[in-house]
Amino acid sequence: MESALHTMMYWYSKSLGDGMWADGAAEEIVARFQPRFEAAERPAAMAVFTRHEEGRLHCEVIAYFSPAAGPVAQALGASPCPQPVRRGLALLAGEERCWSLLFPDE
């Protein structure tokens, strides 16, 4: 029960590496996400976002998994994190209707 509760409460993040090389990692996330998303009947709360963030030397792409996408995040080795701010995020996987549900105040 605790792992199910843990999954529902936390966002997750995973570095996809340098912005120039992140496409392959992003494709893997989508490939793992999509079957679970379809099996769950495409819930609005289940989504993955990306953002280009300044790293040590180069731009780094970070993937953010909503709490409902926790099982996918955990399978990919993502770590729990605070909910990201909406500014600068791009929807990688999920449906557009997720924005108003996951970021109602932004």
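Since every read-out is calculated from the coordinates, none of them should be taken as a lab result. What you are looking at is a predicted structure, and each value in this text was computed from that prediction instead of being measured. Neighbour counts run over all protein chains shown; Cβ positions are idealised from the backbone, glycine included.
List the GluC sites (Glu not before Pro) in segment 12-67 that DSSP assigns to loop (not H, G, I, E or B) and whose Cβ has at most 16 other Cβ atoms within 10 Å. Which are they?
The qualifying sites are E41.
Could you list F37, F103 so that the one with the fewest beta carbons within 10 Å of its beta carbon is first and the one with the most is last?
The fewest-first ordering by Cβ neighbours comes to F103, F37.
Kindly put W21, W11, W99 in sequence by how many other C-beta atoms sit within 10 Å of each C-beta, fewest to most. Don't jump to the answer; show the numbers that get you there.
Working: W21 11, W11 20, W99 17.
Fewest-to-most ranking of W21, W11, W99: W21, W99, W11.
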